[in-house]
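The values are calculated or read from the model by the stated rules, or taken from the named source; none is laboratory data. In this text, all values refer to a predicted model and were calculated from it rather than measured experimentally. Glycine gets a Cβ as well: all are built from the backbone with ideal geometry, and neighbour counts include every protein chain shown. The area values use the complete protein model at the heavy-atom level, side chains included, leaving out ligands, DNA and RNA. Shrake-Rupley method; radii C 1.70, N 1.55, O 1.52, S 1.80 Å.
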Amino acid sequence: MPLPPAEPQPLGPDTPARSRFAWCITGSGHFLDESLAIAARLPQVDLFLSAAAEEVLPIYQHTLEGLRPRFRLFRDKTASAVPVGTLYTDLYHTVLIAPATSNTVAKCALGLSDSLPTNMFAQAGKLGIPGIVFACDTEPVVLTRAPHAWVTLRPRRIELENVERLRAIEHCQVVRSPAELEQALDRRLHELALSWTTSSS
């Protein structure tokens with residue numbers, strides 16, 4: 001059986017405007033499985049992968065071939081983040097970064113754009129497209145699943161301050177857990193008159 005195509009296939013000219021979610025993945029394994037499970041329950045989702053995400057996904061047993069049947073994939077293979085141009089076609093109504101590393105949070109909070117997710121975040125904000133960021137380092141103590149064990153982390157003051165800076169960015173909502181992410185998306189679906197494709201049970 002042949003594998004799905006390596007690159008996203010163009011959508012037809014009749015694709016409705018602002019009809020899709022743009023879901024960015026960074027190099028974090030923090031609740032990565034849970035984030036992807038939530039993404040899979042949404043209607044019309046495209047995944048935008050950073051180079052770091054492509055390294056981390058297989059560590060957590062996710063392959064590009066395994067993701068393609070459910071999502072269109074965009075990869076960080078160009079210096080100018082060419083896939084960001086999809087935002088200018090009025091195709092996406094919401095941009096997410098979930099999960100977001102502390103590195104990505106810092107860049108977004110300071111207006112830096114040097115990866116596909118950070119470029120997507122910045123351009124979405126300039127276009128007035130709502131963004132949701134599931135930040136990893138939001139509490140004084142964070143319990144996270146490394147590839148082979150659970151690890152306790154203690155984010156530094158700078159990481160926590162960057163989360164607060166990010167909260168002040170226009171068109172951005174920061175969430176701290178899969179439950180908060182799901183709640184934020186539930187509200188967004190209601191605003192868009194859309195529904196989950198499957199239940200969480």
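Brief remarks follow.
- Subset tally (residues that are open to solvent by less than 30 Å² (accessible area, probe 1.4 Å) and modelled with pLDDT of 95 or more) for segment 71-83: 3
- Yes/no for H190 being closer than 20 Å to S28 by Cα and surrounded by fewer than 15 Cβ atoms within 10 Å (Cβ to Cβ): no
- Scanning segment 162-179 for residues that are without any contact (Cβ under 8 Å) to a residue 24 or more places away in the chain and open to solvent by less than 70 Å² (accessible area, probe 1.4 Å) yields one hit, A179.
- Conditions (1) within 13 Å of the chain's Cα centre (by Cα); (2) farther than 17 Å from G131 by Cβ; number of the one not met by S50: (2)
- Under the condition of being touching a residue at least 60 places away in the same chain (Cβ under 8 Å), open to solvent by 20 Å² or more (accessible area, probe 1.4 Å) and in contact with a helix residue (DSSP H, G or I) (Cβ under 7 Å, 6 or more places away or on another chain), the residues counted in segment 89-110 number 1.
- Members of segment 43-70 that are in a loop (DSSP other than H, G, I, E, B) and surrounded by fewer than 20 Cβ atoms within 10 Å (Cβ to Cβ): P43, Q44, Y60, Q61, H62, T63, R68, P69, R70
- When restricted to residues that are under 14 Å from the mean Cα position of the chain (by Cα) and in a helix (DSSP H, G or I), segment 72-82 contains 0.
- Any hit, segment 18-33, residues being among the polar types (S, T, N, Q), buried (at least 16 other Cβ atoms within 10 Å of the Cβ), out of contact with any Cys (no Cβ under 8 Å at 6 or more places or on another chain) and outside any loop (DSSP other than H, G, I, E, B): no
- Each residue in segment 119-158 was checked for being at pLDDT 95 or above, of a type outside the set (A, V, I, L, M) and either at negative phi or crowded, with 19+ Cβ neighbours inside 10 Å (or both), and 8 pass.
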